[in-house]
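K.L.:
Below is a structure I'd like to ask you about.
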Amino acid sequence: MKSFNRRLQIIGCALALATIGTSAFAADYTNGPVVVRTAVRTVDGHFDDYVHWLDTVWVKQEEAAKKAGLITGYQVLFAHPRAPQDADIYLVEFFPNWAAFDGMDAKEEAISKQIWGSLKQAATGEADRGKIRTILGSEAMQAVTLK
């Protein structure tokens, strides 16, 4: 029985040390905003056309989304692509947190109707932009502040 009790004590100590060791090495951070980055490649000769659309319609959409509290900010980044499949423009949107995406479709539809007049007109505009740019993909990331 002494042997069994001794084993339990050793196992208990090992578990306690493992717990203490794990918490000692756990990263300490605070979650920040969610950042969505969309990579865009413009068709040769249409960079300025797409930038004009961004500067007019897209900015209106983003400002409406900001006013509605969907996003906290946005940016446009120009890049020098290294290869034909690389983006030359990145569209960046800042969301307060992951919960901001709940019910996002309905909220975005309301903004599209406000900007375009109807969802059909918005779809037509999307198709027209498809002739001067290609969306290469999007990714969502969360900023963190390390302590």
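The values are calculated or read from the model by the stated rules, or taken from the named source; none is laboratory data. In this text the structure is predicted, and so the values were computed from the model without any measurement. All Cβ positions, even for glycine, are placed from backbone atoms using ideal geometry, and neighbour counts span all protein chains on display. These area figures cover heavy atoms from the full protein model, side chains too; ligands, DNA and RNA do not enter into them. Shrake-Rupley method; radii C 1.70, N 1.55, O 1.52, S 1.80 Å.
K.L.:
First compute the accessible area of region 35-147 with a 1.4 Å probe, then give the percent of it belonging to carbon and sulfur atoms.
P.N.:
Of all accessible area on region 35-147, carbon and sulfur atoms account for 54 percent.
K.L.:
Taking H as built 1.01 Å from N, whose amide H comes closer than 5 Å to the amide H of Gly32, not counting residues under 5 places away?
P.N.:
Ala143, Val144, Thr145
K.L.:
Same structure again: Any aspartates and glutamates with Cα under 17 Å of the Lys113 Cα? List them, leaving off those in the same chain fewer than 8 positions away.
P.N.:
Lys113 reaches Glu62, Glu63, Asp105, Glu126.
K.L.:
Can you list the HN-Hα couplings for region 101-113, worked out from phi with the Karplus curve (6.51, -1.76, 1.60; θ = phi - 60°), rounded to whole Hz and with x for Gly and Pro?
P.N.:
Running phi through 6.51 cos²θ - 1.76 cosθ + 1.60 with θ = phi - 60° gives 7, 5, x, 4, 4, 5, 5, 5, 4, 4, 5, 4, 4 Hz.
K.L.:
Sticking with this one: Taking H as built 1.01 Å from N, whose amide H comes closer than 5 Å to the amide H of Val43, not counting residues under 5 places away?
P.N.:
Arg133, Thr134
K.L.:
Using a basic spin-label model with each label point 7 Å from the Cα along Cα→Cβ, how many nm lie between Arg37 and Ala79?
P.N.:
The two pseudo-label positions are separated by 0.7 nm.
K.L.:
Same structure again: Quick check: residue separation of Ala68 and Ala143 times 0.36 nm, minus the Cα distance between them. What number comes out in nm?
P.N.:
Here the answer is 24.8 nm.
K.L.:
Report ³J(HN,Hα) in whole Hz for each residue of region 68-81, in order, from the Karplus equation J = 6.51 cos²θ - 1.76 cosθ + 1.60 where θ = phi - 60°; Gly and Pro get x.
P.N.:
The phi angles translate into 7, x, 6, 10, 9, x, 7, 8, 10, 10, 8, 10, 9, x Hz.
K.L.:
Find the percent of Cα-Cα distances in region 56-131 that exceed 14 Å, and round it to a whole number.
P.N.:
For region 56-131, the share of Cα pairs beyond 14 Å comes to 68 percent.
K.L.:
Determine, from the Cβ-Cβ distance of Ile132 and Glu108 and an R0 of 35 Å, the FRET efficiency 1/(1 + (r/R0)^6), rounded to the nearest 0.05.
P.N.:
So, using R0 = 35 Å, E works out to roughly 0.95.
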